[in-house]
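Inspection log for the structure reproduced underneath, given as structure tokens.
The values are calculated or read from the model by the stated rules, or taken from the named source; none is laboratory data. Quantities reported herein were computed from a predicted structural model and do not represent experimental measurements. We place every Cβ from the backbone using ideal geometry, glycine too, and count neighbours over all the protein chains shown. Heavy atoms of the whole protein, side chains included, go into the accessibility calculation; ligands, DNA and RNA do not. Shrake-Rupley method; radii C 1.70, N 1.55, O 1.52, S 1.80 Å.
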Amino acid sequence: MTILSELNTLFNSLSIQSETGKLSDKATEEYVVLVPISDDFSLFCDDKPEYETSEVRLSIFTKGNYMQLKKKIVKGLIQNNFTITDKRYVEFENDTGYHHYNIDVAKYYEMEKI
């Protein structure tokens, strides 16, 4: 499984619209855009990678109370063993009426034997 597929499954279970890269469908009152940040081999053993670290930025948009949505998402992330590396309010977008909030997450995946 990949971090993007796990996140899409999570947001589907939370009934939150999500897409990778940019939103191509009509925007709802709240949605999340998944932006891949990095994939690296941060954990080694005997000069070979043991785990791959995948990081994704969750760009959260809502016309409602962003604090409630943030809490709902953070709870789901923690329950599904994601590491939250950063959280921050970006801005209120006057032209769209959306609050924009980012959460950066990471997950570690064991490498298949090479």
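Would you mind putting 63-74, 12-23 in packing order, based on average other-beta-carbon counts within 10 Å, highest first? Each step should come with its number before you reach the end.
On the way: 63-74: 15.1, 12-23: 13.4.
Top to bottom by mean Cβ count within 10 Å: 63-74, 12-23.
What is the gain in length, in nm to one decimal, between E29 and N94 on full extension, counting 0.36 nm per residue of separation less the C-alpha to C-alpha distance?
21.9 nm
Which value at 222 nm does the chain reach when only helices count, each DSSP H run of 4 or more adding -39,500 (n - 2.57), with the total divided by all residues and rounded to the nearest 500 deg cm²/dmol?
Only helices count here, giving -7000 deg cm²/dmol.
Quick check: at a probe of 1.4 Å, how many percent of the accessible area of the chain sits on carbon and sulfur atoms?
Working: 3440 of 7080 Å².
Heavy-atom surface of the chain belonging to carbon and sulfur, 1.4 Å probe: 49 percent.
Filter K26/K87; K48/K107; K22/K72; K22/K48; K22/K87 down to the pairs with a C-alpha to C-alpha distance above 24 Å, please.
Numbers: K26/K87 26 Å; K48/K107 19 Å; K22/K72 22 Å; K22/K48 35 Å; K22/K87 20 Å.
Result: K26/K87; K22/K48 exceed 24 Å.
Once label points are set 7 Å from the Cα along Cα→Cβ at both K22 and T85, what is their separation, rounded to one decimal in nm?
Going by the 7 Å Cα→Cβ label model, 2.5 nm.
Net charge around S38, counting only other residues with Cβ within less than 11 Å of its Cβ (Lys, Arg = +1; Asp, Glu = -1)? Working shown, then result.
Numbers: positive: R57; negative: D39, D40, E52, E55, D104.
Counting the neighbours of S38, the net charge comes to -4.
Over the chain, what is the mean sequence separation of C-alpha contacts under 8 Å (at least six apart), divided by residue count, expressed as relative contact order in percent?
Worked out over the chain, it gives 24 percent.
Need the full-extension length gain, K63 to D104, defined as separation in residues times 0.36 nm minus the C-alpha distance. One decimal, nm.
Values: separation 41, 0.36 × 41 = 14.76 nm, distance 2.07 nm.
Contour length minus Cα-Cα distance gives 12.7 nm.
What accessible area per residue, rounded to a whole number of Å², is obtained for the chain using a probe radius of 1.4 Å?
Averaged over the residues of the chain, the accessible area is 62 Å².
Just to confirm the number: angle between the C-alpha axis of helix 66-79 and the first principal axis of the chain, 0 to 90 degrees, nearest 10?
20
Would you calculate the separation in nanometres between label points at D39 and M1, each defined as 7 Å from the Cα along the Cα-to-beta-carbon direction?
1.7
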